[in-house]
Amino acid sequence: MSAPAKSNVEPIHCKAQLVEYIAEGSKPREKWRIGTEHEKFVFHLADNRPVAYEGENGIRALLQGLTQFGWEPIEESGHVIALTQDGANITLEPGGQFELSGAPLVNVHQTCRETNEHLTQVKEIGQKLGVGFLGLGFNPKWKREDIPWMPKGRYAIMRRYMPLKGNLGLDMMLRTCTVQVNLDFASEADMVKKYRVALALQPIATALWANSPFVDGKPSGFESFRANIWTDTDPDRTGLLPFVFEDGMSFERHVDYVLDVPMYFVYRDGKYIDVAGSSFRDFMQGKLAALPGELPTMGDWADHLTTVFPEVRLKRYLEMRGADGGPWRRLCALPAYWTGLLYDTVALDAAWDLVKDWSMEERAALRAGVPRQGLKTPFRKGTVLDIARQSLKIARDGLDRRAEHDQFGRTESIFLETLDRMVETGMSPADEMLADFAGRWNGDIDEVFREHCY
């Protein structure tokens, strides 16, 4: 989850200001950047239990330990709840999931080095504290009531409101982890094309990164239970956004959608004010019951944008949100996949040709089927695996054309190699874990913590 927006006291008087705010994210190609975010579960090495905030080896101690590497603490109500350094942030999810929100970087080589450095740092501090880090999309063992809550004001508001809108919202907050990439656009037309491609292919990414097949210590019947969680979290702020594929899609159309998403909170003087269910449109008319007569600021709008949870989220850039968190090697594969598809003109055209005739019903069927069936999900005359192969080739060719080389002369396509075996065998990470659980693990879920710890 995002930290509060930086102070911005410019009042909002009309919708055009909101449209302009998002449109200002447009950048020329030479200024496009890649931002990678990934979450991981923190657990006690002694018994695999989740880690609470307080205590000599708690989350607070972990955050404080990382300051030795130059990270600056961010506090809320006397609690360290985030760290910042050189455009990157470390933040906490509601159940103590540890997130790196990476800096905007030029290529995947750089963002992968950032990821490697981060994981090296947290492992060093974690070893001193006796805690480990697990890269999965859903907590494989511990129940909702076993997970400690982090002391962040927005989470208290969401904790109250989530059960009013869906059955699995609290599980989303406490028991899921993701990896995502944030990418830029050049113009409104470029945004629309990228948005459509990313939304259509998001189930394919879900299938490729699916590795959350366990719930409460046993197989759940899903390859990505994390992806299933989002189907019963809050229909007001999740989903595939059919309007994105309609004629007339624009920055303004997206703003209209976000304005109709109920609010969670307003941040004032270091505190979160509970306005869950209220209308941002009413706020713009000074009619918010909790702040009568007060108009929102651009900081409020930026905060509200972070409370919308579709499969792809538009802010001043596009966030690809469909993948399970995963092991070290696949954290770099996700930005490579989407950068290859969206940052090369030929690749973007090819990706659009791949998906442009898919109907809304087909896109919805993919979204519904992939959490359970993964790469084996039927699609037209084949399966999702066939689409995965095609999209990977497009992405690889796009990365090679970008010609961003490392010190050994390799392009960013090297980060897709971890996916090659998967598409050759048709076995997702979830398939492999389920086979291990039924075979050499002898049904012992604790083996997940040993074998998939960073």
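Read the figures in this text as sums done on the coordinates, not as results from a lab. If you're wondering where the values come from, they're calculated on a predicted model, not measured in any experiment. So basically every Cβ, Gly included, is an ideal-geometry build from the backbone, and we count neighbours across all protein chains shown.
How large is the Kirkwood hydrodynamic radius of the stretch 39-185, in angstrom, based on all distinct alpha carbon pairs? Don't skip to the answer; put the middle values down first.
Details: mean 1/r = 0.0626 Å⁻¹.
Kirkwood radius, the stretch 39-185: 16.0 Å.
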> Considering the dipole of the chain built from charges on the beta carbon (Lys and Arg +1, Asp and Glu -1) around the Cα centre, which of V179, G443, L331 is farthest to its positive end?
Replying inline: G443
> Dipole of the stretch 15-451 (Lys/Arg Cβ +1, Asp/Glu Cβ -1, origin at the Cα centre): which of S279, Q390, M263 lies farthest to the positive side?
Replying inline: Q390
> Amide H neighbours of V215 under 5 Å, counting only residues 5+ apart in sequence or on other chains, H built in-plane at 1.01 Å?
Replying inline: S220
>> Just want the answer: with Cβ charges of +1 for Lys and Arg and -1 for Asp and Glu, which residue in Y317, Y155, A227 is farthest toward the dipole's positive end in the chain?
In response: A227
> For the stretch 371-442 and the stretch 218-282, what is the separation of their C-alpha centers, rounded to whole Å?
Replying inline: 29
>> Under the rule of at least 5 residues apart or a separate chain, name every residue whose amide H is placed under 5 Å from the amide H of G239.
In response: E311
> ³J(HN,Hα) across the stretch 345-359 via Karplus (A = 6.51, B = -1.76, C = 1.60, θ = phi - 60°), whole Hz, x for Gly/Pro?
Replying inline: 4, 5, 5, 4, 4, 5, 5, 5, 4, 5, 10, 5, 9, 6, 7
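Per residue, what volume in Å³ does the convex hull of the Cα atoms of the chain enclose?
Numbers: hull volume 62.9 nm³, N = 454.
Dividing the Cα hull volume of the chain by its residue count gives 139 Å³.
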>> Give me a comma-separated list of calculated 3J(HN,Hα) values for the stretch 117-131, in order, Karplus coefficients 6.51, -1.76, 1.60 applied at θ = phi - 60°, integers in Hz, x for any Gly or Pro.
In response: 5, 4, 5, 5, 5, 5, 5, 4, 5, x, 4, 5, 8, x, 10
>> I want the local charge near E145. Using Cβ-Cβ distances under 15 Å, sum +1 for each Lys or Arg and -1 for each Asp or Glu among the other residues.
In response: +3
> Is it possible to state the helix-based mean residue ellipticity at 222 nm for the chain, with each DSSP H run of 4+ residues giving -39500 (n - 2.57), the sum divided by total residues, to the nearest 500 deg cm²/dmol? What is it?
Replying inline: -12500 deg cm²/dmol
> Karplus couplings for the stretch 416-432 from phi (6.51 cos²θ - 1.76 cosθ + 1.60, θ = phi - 60°), rounded to Hz, Gly and Pro as x?
Replying inline: 8, 4, 5, 8, 4, 4, 4, 6, 6, 9, x, 9, 7, x, 5, 4, 5
> Taking amide hydrogens as modeled 1.01 Å from N in the peptide plane, which residues meet the under 5 Å criterion relative to F265, leaving out close sequence neighbours?
Replying inline: V275
>> Suppose we look only past 16 Å in the calculated P(r) of the stretch 340-452. What percent of the Cα-Cα pairs does that tail hold?
In response: 68
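In a shell of Cβ-Cβ distance under 11 Å around H38, excluding H38 itself, what net charge do Lys and Arg (+1) and Asp and Glu (-1) give?
Values: positive: K40, R330; negative: E37, E39, E99, E114, D324.
Result for the neighbourhood of H38: -3.
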